[in-house]
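**Q** Let me begin by handing over the structure; questions about it come next.
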Amino acid sequence: MNQHMRPEPIPFIDVAAQRRRLGKAIDEAVARVLDHCAFINGPEVTALEKALAEYCGARHVVTCASGTDALLMVLMAKSVGPGDAVLCPSFTFCATGEAVALTGATPVFVDVDEATFNIDVNSLKRGIATAKARGLKAVGIIPVDLFGQSADHDAVAAVAGAEGLFVLDDAAQGFGANYKGRKLGTFGLATATSFFPAKPLGCFGDGGAIFTDDDELANTLRSIRVHGQGADKYDNVRLGLTGRLDTMQAAILIEKLKIFEDEIAARNLVAARYARGLGNVVTVPRLAAGCTSVWAQYTIRLPKGVDRDVFAAALKAQGVPTAIYYTKSMHQQTAYRNFPVADGGLPVSESLSEDVISLPMHAYLDEATQERVIQAVRGALQA
Ligand SMILES: *Cc1c(COP(=O)(O)O)cnc(C)c1O
């Protein structure tokens, strides 16, 4: 590289590397769909649902149009609506609380744990009390497996059990991770995930899935997915959505699922290299006991006094992209700031929003390229 040239930019997520690895498999899968023309509810949709069920051990898998629909459909199936409160962390992607608000129910935002970025059970308990004090009926909890690490599902289940609340796990970033040796998709009443291209298991467009062991819920979800259909398509027994996953995306996901475990292992190697290379200069992510991560993001915290914008600009000048998840927690967003927060406020969410930054992370980040990222981070902190 000529020293006067800008360093070659590194991709934040290398979608092309995975395309090369899968070779013709996806082209052929797509070609089969183009041949049979069953673009909606084709055989690949059922085959994918079966493969996903086998992968994570859930009894039922209902694929759907997005991760947001996955969350919304479960809330609709539970008849969540005005007067109800659903507790969720504030430090998350907006879809978590958005799905609640779309039903007319009230999202009540709770804080997260400083070490794992996942729901803080003490704040959750305070949030339930806050909801009740406001005359709302607390009905459910949506823990999030943020950045790929499973939440503390036993702790959430204990609170849910004591209060009679359902648990809907938002595993949009964490699908593929384990909690105490069991794959996500099998905790709580139901689990929602997303196949948005940037998620650990992504398709080539929008998509999502719901996992549950509850037969009745699965039937209701299959009805909601097609406008609340009853005995047939033109019998409408409840409100629903156009909530289906396209056959084309299902065909693509079947191929991607075959290499998913291997990609998770590769992501874990990348995470371990970051921890070794950066652990003494920034706060690197920590895994709680019993939790694994699929590393949807590799999110570090900058030391106090480091200007994040200056830091990001220094990395960019070295060809290293960064992203900030999330510059604002949900309760700080215009659309959500009038919803309640747990008593005591959400100090951890607010401070994370100020000092987190995410580094390039994907299964195909080779050691030499990653070393450039590590050196760029170390260099920017010395400057
Ligand atoms: C991406 C994401 C969603 C929404 O998924 P879409 O498929 O984009 O609708 C929900 N929750 C979390 C935590 C996410 O990261």
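**Q** Looking at region 227-246, I want the residues that are more than 14 Å from residue 68 (Cα to Cα) and outside the structural domain of residue 72 (by TED's automatic domain parsing) and have a partner that is in a loop (DSSP other than H, G, I, E, B) and open to solvent by 60 Å² or more (accessible area, probe 1.4 Å) with Cβ atoms under 9 Å, at least 6 apart or on another chain. Which pairs are those?
**A** Hits for this filter: zero, empty list.
**Q** Oh, and also: Go through region 120-143 and give me each residue that's in a strand (DSSP E or B) and open to solvent by 10 Å² or more (accessible area, probe 1.4 Å). Write out each step before concluding.
**A** Residues of region 120-143 in a strand (DSSP E or B): 137-141.
Correct list: 137, 138, 139.
**Q** Now a separate question. Within the group 204, 196, 187, which residue is in the same structural domain as residue 67 (by TED's automatic domain parsing) and buried (at least 21 other Cβ atoms within 10 Å of the Cβ)?
**A** Numbers: 204 fails: buried (at least 21 other Cβ atoms within 10 Å of the Cβ); 196 fails: buried (at least 21 other Cβ atoms within 10 Å of the Cβ).
Selected residue: 187, the only one of 204, 196, 187 that is in the same structural domain as residue 67 (by TED's automatic domain parsing) and buried (at least 21 other Cβ atoms within 10 Å of the Cβ).
**Q** Out of everything in region 153-172 that is among the charged types (D, E, K, R) and within 16 Å of the ligand (Cβ to nearest atom), what residue ends up being surrounded by the fewest Cβ atoms within 10 Å (Cβ to Cβ)? Break it down into steps so the answer makes sense when it comes.
**A** Within region 153-172, the first condition is being among the charged types (D, E, K, R), and the residues that meet it are 154, 163, 169-170.
Pick out the ones that are also within 16 Å of the ligand (Cβ to nearest atom) and you get 169-170.
Details: 169: 30, 170: 28.
Among residues in region 153-172 that are among the charged types (D, E, K, R) and within 16 Å of the ligand (Cβ to nearest atom), the one surrounded by the fewest Cβ atoms within 10 Å (Cβ to Cβ) is 170.
**Q** Please go through region 7-40 and give me each residue that is open to solvent by 40 Å² or more (accessible area, probe 1.4 Å) and touching a Ser or Thr at 6+ places or on another chain (Cβ under 7 Å), ordered by number.
**A** 39, 40
**Q** Answer yes or no: is there a residue in region 40-61 that is without any contact (Cβ under 8 Å) to a residue 60 or more places away in the chain and among the polar types (S, T, N, Q).
**A** Among the residues of region 40-61, at least one is without any contact (Cβ under 8 Å) to a residue 60 or more places away in the chain and among the polar types (S, T, N, Q), which makes the answer yes.
**Q** Looking at region 14-31, can you tell me whether even one residue there is of a type in the set (S, T, N, Q), modelled with pLDDT of 95 or more and on the phi < 0 side of the Ramachandran plot? Please lay out each step first, then the result.
**A** Filtering region 14-31 for residues of a type in the set (S, T, N, Q) gives 18.
Then keep just the ones that are modelled with pLDDT of 95 or more; that gives none.
The answer is no; no qualifying residue exists.
**Q** Name every residue in region 299-327 that is within 15 Å of the ligand (Cβ to nearest atom) and either surrounded by 19 or more Cβ atoms within 10 Å (Cβ to Cβ) or farther than 30 Å from residue 369 by Cβ (or both), in order of residue number.
**A** 299, 325, 326
**Q** Does residue 47 meet the test of being out of contact with any strand residue (DSSP E or B) (no Cβ under 6 Å at 6 or more places or on another chain), closer than 21 Å to residue 226 by Cβ and surrounded by 24 or more Cβ atoms within 10 Å (Cβ to Cβ)?
**A** Numbers: out of contact with any strand residue (DSSP E or B) (no Cβ under 6 Å at 6 or more places or on another chain): yes; closer than 21 Å to residue 226 by Cβ: yes; surrounded by 24 or more Cβ atoms within 10 Å (Cβ to Cβ): no.
It is false that residue 47 is out of contact with any strand residue (DSSP E or B) (no Cβ under 6 Å at 6 or more places or on another chain), closer than 21 Å to residue 226 by Cβ and surrounded by 24 or more Cβ atoms within 10 Å (Cβ to Cβ).
**Q** Here is a follow-up. Go through 175, 211, 147 for me and flag whichever is touching a Cys at 6+ places or on another chain (Cβ under 8 Å) and within 11 Å of the ligand (Cβ to nearest atom).
**A** On the way: 211 fails: within 11 Å of the ligand (Cβ to nearest atom); 147 fails: touching a Cys at 6+ places or on another chain (Cβ under 8 Å).
Every option except 175 fails the conditions.
**Q** Being away from the ligand (no atom under 15 Å from the Cβ), open to solvent by 50 Å² or more (accessible area, probe 1.4 Å) and under 25 Å from residue 363 (Cα atoms): is that true of residue 181 here? Quick ask: steps written out before the conclusion?
**A** Numbers: away from the ligand (no atom under 15 Å from the Cβ): yes; open to solvent by 50 Å² or more (accessible area, probe 1.4 Å): yes; under 25 Å from residue 363 (Cα atoms): yes.
The answer is yes for residue 181.
The values are calculated or read from the model by the stated rules, or taken from the named source; none is laboratory data. Model, not experiment: these values are computed from the prediction. Every residue, glycine among them, receives a Cβ derived from its backbone with ideal geometry; neighbour counts consider all protein chains shown. Ligands, DNA and RNA are excluded from the accessible area calculation, which covers all protein heavy atoms including side chains. Shrake-Rupley method; radii C 1.70, N 1.55, O 1.52, S 1.80 Å.
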